[in-house]
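The structure under discussion appears below in the form of structure tokens.
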Amino acid sequence: MIAALFNGKDLTIQEVEIPKLTKNQVLIKLKAVGLCGTDLAIIEGHLPTPTPIIIGHELAGEIVDVGDDVDKSWLGKRVVSEINSNIDFSCYYCKQHIFTQCISRKALGIDINGALAEYIAVEAYLIHEIPTSISYSEATFIEPLAAAYQTFEMMPIDEGDKTVAIFGLGKLGLLIMQIALHNNLKVIAVDGSEEKLALAKKFGASRVINRLKENSISYMIQEYTEGLGADIVIDTSGNPDALREIVSSCRTRGKIHIKSTHGFSTPINLTDLVVREITIYTSRCGPFEKAIEGLKSKEISVKELIFKEFSLRQIKDAFDSYRKNRNVIKIIIKI
Ligand SMILES: [Zn+2]
């Protein structure tokens, strides 16, 4: 099969062997894989991985083979896969059913081979069936959508929370925004792309701010919130420089949620956080069932978020497009 292999320096398409199944695994013939900021961070050297590695983890495909201990009825099913593989089901976190933090977990496309290939072998417990009403391209949003839902699983929305400022309108920002709107929060959307800001407005953002055109985002957010600042500020931008504005955009006793880091370390003024008693939340992978239901029920719309589709052989062009175009929301590799 062909696969996009990263050797620590370059990403190239190479011929590799189809993975051999263990008794607990299924073989997925991949149909669509979404590109993610994490993939970009890996190939740009910001996120260390073992090499060589097949990257990619937002996957959808069809099961074409199953290991000896896996139910044969999975054959032919349209599925997505969670990314935290190699779960031991016995550690401190597993005992609390927090499998995404299992101490032995290995993330697909980050710690072990991922999905930018024709086939991937994954453990059967990671698999979720998707209905035919969700296309393979749309299904690549399930992993990031689950992460978007996890934002509010980790951070409660309290009665006094009326306004959320979202920094960064990539797919994660636009998915979180839709969930926030369903929770009756007013959304202030911050990004440097007029196209993305227009899309945020279309989805229902009350206020949009172009960070490249404004001197002080926090001043504008304070002005919009009667001088208080937003009750919740969520960062999906992964931009270390945005953090100062994020802290000053948050109201006293408000909440900051960091969704995206991409491997950067960044200085932060703790005094302002402590004096104003701001709580910082973080979260990553989330509930797939909820994400599938969100797409199925059409509570979440992803059609507007697909930017462009490429073939696997065009992987370099796909990443170039991702890197260079500020308006990119989502790139999907059709396999
Ligand atoms: Zn465990």
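Annotations for the structure displayed:
- Computed from phi, the 3J(HN,Hα) profile of the range 211-217 under the Karplus parametrisation 6.51, -1.76, 1.60 (θ = phi - 60°) reads 5, 7, 9, 10, 6, 10, 5 Hz, with x in place of Gly and Pro.
- Accessible surface of residue 257, taken over heavy atoms with a 1.4 Å probe and every protein chain present, rounds to 0 Å².
- Solvent-accessible area per residue in the chain equals 46 Å², computed with a 1.4 angstrom probe and all protein chains kept.
- Listed pairs 106/201; 162/290; 31/290; 72/316; 213/303; 162/308 exceeding 32 Å between Cα atoms: 106/201; 72/316; 162/308
- Computed per residue of the chain from DSSP H runs no shorter than four, each worth -39500 (n - 2.57), the mean residue ellipticity at 222 nm is -7500 deg cm²/dmol.
- Between the amide H of residue 113 and those of 54, distances stay under 5 Å, these residues lying 5 or more places away or on another chain, with hydrogens modeled in the peptide plane.
- Modelled spin-label separation between residue 91 and residue 241, with each label point placed 7 Å from Cα along the Cα-to-Cβ direction: 3.7 nm.
- Each of residue 23 and residue 226 was given a label point 7 Å from its Cα along the Cα-to-Cβ line. The distance between the two points is 6.5 nm.
- Counting only protein heavy atoms and using a 1.4 Å probe, the accessible area of residue 216 comes to about 40 Å².
- Coil-residue trypsin sites (Lys or Arg not before Pro) of the range 282-333, DSSP, other Cβ within 10 Å capped at 12: 298, 326
- Accessible area (Å², 1.4 Å probe, nearest 10) - residue 252: 70 Å²
- Packing-based order for 157-164, 106-113, 9-16, using average beta carbon neighbours within 10 Å, highest first: 106-113, 157-164, 9-16
- Database remark: amide H of residue 163 closer than 5 angstrom to the amide H of 186, 231, 232 (H placed geometrically; neighbours at sequence offset of 5 or more, or on other chains; Pro and chain starts carry no H).
- Cα gyration tensor category, rounded, prolate or oblate, for the chain with a/c compared to 1.5: prolate
- Spacing of the two label points (7 Å from each Cα toward its C-beta) at residue 162 and residue 15, in nm: 6.5 nm
- Given +1 at the Cβ of Lys and Arg, -1 at the Cβ of Asp and Glu and no other charges, the dipole of the range 156-282 around its Cα centre is 260 debye to the nearest 20.
The values are calculated or read from the model by the stated rules, or taken from the named source; none is laboratory data. All values reported here derive from a predicted model rather than from experimental measurement. Please note: Cβ atoms are built from the backbone with ideal geometry, for glycine as well, and neighbour counts cover all protein chains shown. For accessibility, only protein heavy atoms count, side chains too; no ligands or nucleic acids. Shrake-Rupley method; radii C 1.70, N 1.55, O 1.52, S 1.80 Å.
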